[in-house]
Amino acid sequence: MPEGPEIRRAADVVADCIVGRVADEVWFAFEHLKPFERQLSGVEVRAVETRGKAMLTRFANGLVIYSHNQLYGRWYCHPCGERPDIQRQLRLAMHNRKSSALLYSASDIEVLCESELAKHPFLSRLGPDVLAPATDRVLLLSRLDDKCFRNRQLGGLLTDQSFLAGLGNYLRCEILFVSGLHPRRRPVQLTGSQRIRLTEAMLHLPRQSYETGGITNDLVRAHELITAGAGFEVARFWVFRREGLPCYRCGAPIVKQVLGGQPTYLCRQCQKMI
Ligand SMILES: [Zn+2]
């Protein structure tokens, strides 16, 4: 599933395509959304925002298209009238004179007004957005101290969208490795320096991933690996999907465990239980 940085990059592309322009035609595949086509067509798009893994497209008349890509949803932006050559179901199309923003395969699409947004069952449960400028070390430390979260295992906590919105499995694995913390550790057990390392990784890695198109590894190392011929997917991570390969810090093999139903990658030497 795409995580916060990937959704934000997709939102940037969609925003370039439609924000500040009148959406001459808005089209929905789902019958229950058809009545909104007339309400949104001919209205200017004001903003494209993200909330964790959800995207909000705001129109000048106050209506907002909420979309969540889940596993398969994908945005494409093309010159108006062109379509990608793919075997997917188009679910939402927004056309203006120059461009078309097209959402394929997503099933979680709604049209909401501002008051409905505030009560939305998914959005109202979200914690702070990991990429939001207001998300800083002080805020993250207070989240770790919160009685709802401080006794939870970090492996499950980091991908709980009510704790922090936008982290998924690869960011969870990478943050815990860079912090030197085992996924079964809990916030209440951490020393002051461990808490600082964890919050720095929670802030830094998603932002670096957003800026680089998905690299959480050390950037110098990733660049050297790519220059030496390694593929992007090989070069981009510290531990994620590197089962059996040597840890970049200590040389021990990276192991894969299933935690909370999701594969977790870690170095047992660098991420001790204590
Ligand atoms: Zn290691």
Q: Among the numbered conditions (1) under 22 Å from the mean Cα position of the chain (by Cα); (2) closer than 26 Å to Leu139 by Cβ, tell me where Arg236 comes up short.
A: (2)
Q: Return the residue satisfying two criteria in turn: it lies in the stretch 255-274 and is within 9 Å of the ligand (Cβ to nearest atom) and over 14 Å from Ser179 (Cβ atoms), and of such residues it is surrounded by the fewest Cβ atoms within 10 Å (Cβ to Cβ).
A: Gln269
Q. Consider Val239 against the criteria (1) touching a helix residue (DSSP H, G or I) at 6+ places or on another chain (Cβ under 9 Å); (2) more than 11 Å from the ligand (Cβ to nearest atom); (3) at pLDDT 95 or above: it satisfies all of them except one. Which criterion is unmet?
A. (2)
Q. Residues in the stretch 19-30: is at least one of a type in the set (A, V, I, L, M), out of contact with any helix residue (DSSP H, G or I) (no Cβ under 8 Å at 6 or more places or on another chain) and within 30 Å of Gly168 (Cβ to Cβ)?
A. yes
Q: Can you give me the number of residues within the stretch 40-58 that are surrounded by fewer than 20 Cβ atoms within 10 Å (Cβ to Cβ) and free of Cβ contacts under 8 Å to residues at least 60 places away in the same chain?
A: 8
Q.
Based on this model, can you work out whether Ala252 counts as more than 8 Å from the ligand (Cβ to nearest atom), assigned by TED's automatic domain parsing to the domain that holds Pro183, modelled with pLDDT of 95 or more and among the hydrophobic types (A, V, I, L, M, F, W, C)?
A. no
Q: Consider only pairs whose beta carbons are under 9 Å apart and that are at least six residues apart or on different chains; among these, list those whose first residue lies in the stretch 111-124 and is in the same structural domain as His32 (by TED's automatic domain parsing) and in a helix (DSSP H, G or I) and whose second residue is β-branched (Val, Ile, Thr) and surrounded by 10 or more Cβ atoms within 10 Å (Cβ to Cβ).
A: Glu114/Val64; Glu116/Val64; Leu117/Val64
Q: Specify the residue that is nearest to Arg58 (Cα to Cα); the eligible residues are those in the stretch 92-111 that are hydroxyl-bearing (Ser, Thr, Tyr) and surrounded by fewer than 18 Cβ atoms within 10 Å (Cβ to Cβ).
A: Ser107
Q: Six or more apart or on different chains, Cβ under 7 Å: which pairs go from a residue in the stretch 5-28 that's in the same structural domain as Ala54 (by TED's automatic domain parsing) and within 25 Å of Asp129 (Cβ to Cβ) to one that's surrounded by fewer than 16 Cβ atoms within 10 Å (Cβ to Cβ) and among the hydrophobic types (A, V, I, L, M, F, W, C)? Could you list them?
A: Val19/Ala47
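The values are calculated or read from the model by the stated rules, or taken from the named source; none is laboratory data. Keep in mind that this is a model prediction, so the values were computed, not measured. We place every Cβ from the backbone using ideal geometry, glycine too, and count neighbours over all the protein chains shown.
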